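Let me give you the structure first, and then I'll get to my questions.
The values are calculated or read from the model by the stated rules, or taken from the named source; none is laboratory data. In this text the structure is predicted, and so the values were computed from the model without any measurement. In this analysis, Cβ positions are derived from the backbone assuming ideal geometry, glycine residues included, and neighbour counts consider all displayed protein chains. Surface areas here come from the heavy atoms of the whole protein model, side chains and all, with no ligands, DNA or RNA. Shrake-Rupley method; radii C 1.70, N 1.55, O 1.52, S 1.80 Å.
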Amino acid sequence: MISFQPFKISTEVRMLDVLVQPIIDHQHTPATITLQNIILPNSDIYSSIEKLFLRLNYNSVLNYEQNIVELKKGGSIRFDTYFNAFSIQKWKNYIDIKHINIRLYLKGAFQIRLLTIDELSKFAHLVSQKFINVNTLSEITVFDNININLCKRLLYLEIIAIGNNCLFKDGYFYIINIRQNLDKKLQ
């Protein structure tokens, strides 16, 4: 049997205070901030404007009921679209960012390419690529600490299935920043 001794309420810290009001050093706490979600059209209504969200090839299909993309081997998704291309300059204007990260919800084997392009160019340039193999639908950090100062105006993802029965659900671009630096810029 465990017995508890009563707390002295004088100058000692009470256990309840520590549990209810933890002391946090806000100046050095890393903040994970989502900058932009990768979104899929979620209804048959949007099928006529699907290309504003994503571009699929013949081995990929958007399942509107489950809001997920199903890919066979060789299937691909490109996000060089109005809603899902990441505008580097826009975010640099709002927040002093130098690096970004990208997380995706995936199942299967994929080649994932991060590309950059400006609005005048017809050619995209490869920033980075990864090969991912995930057995269950999981959230995965695909790109970590990408230096956006070396990129053009827009970033976008291209996802290629290198196996069958692959799934893409969604994802997002985010930053990890020291809260002190972010708070100064947002004021």
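Can you pull the one-decimal nm distance between simple spin-label points at residue 122 and residue 137, each 7 Å off the Cα toward Cβ?
Label-label distance for residue 122 and residue 137, simple model: 4.0 nm.
For region 56-187, rounded, prolate or oblate, judged on the Cα gyration tensor with a ≥ b ≥ c (square roots of eigenvalues), a/c < 1.5 rounded, else prolate if a/b > b/c? Intermediate values should be presented prior to the final figure.
Details: a/c = 2.16, a/b = 1.63, b/c = 1.32.
The shape class here is prolate.
Hey, can you find the accessible area per residue of region 55-187 for me, probe 1.4 Å, expressed in square angstrom?
On a per-residue basis, region 55-187 sits at 55 Å².
Suppose each label sits 7 Å from its Cα in the direction of the beta carbon; what would the residue 81-residue 65 distance come out to in nanometres?
Using points 7 Å along Cα→Cβ, the separation is 2.1 nm.
Counting only other residues whose beta carbon sits under 11 Å from that of residue 164, what net charge do I get with K and R as +1, D and E as -1?
Taking every other residue near residue 164 into account, the sum is +1.
Arranged from highest to lowest average of other beta-carbon atoms within 10 Å per residue, in what order do the peptides 144-154, 67-77 appear?
In descending order of packing, they fall as 67-77, 144-154.
Here's another thing I want to ask about it. Label residue 130 and residue 42 with points 7 Å out from Cα along Cα→Cβ: what is the distance between them in nm?
So the two model labels end up 2.5 nm from each other.
A further question follows. Region 39-120: Rg/Rh from Cα coordinates, Kirkwood Rh? Walk me through the numbers before you get to the answer.
Details: Rg = 14.5 Å, Rh = 14.6 Å.
Looking at region 39-120, the ratio lands at 0.99.
Which loop-located chymotrypsin sites (Phe, Trp or Tyr not before Pro) does region 46-117 contain, where loop means any DSSP state but H, G, I, E or B and the Cβ has at most 12 other Cβ atoms within 10 Å?
In loop regions of region 46-117 (DSSP not H, G, I, E or B), the sparsely surrounded chymotrypsin sites (Phe, Trp or Tyr not before Pro) are 58, 82.
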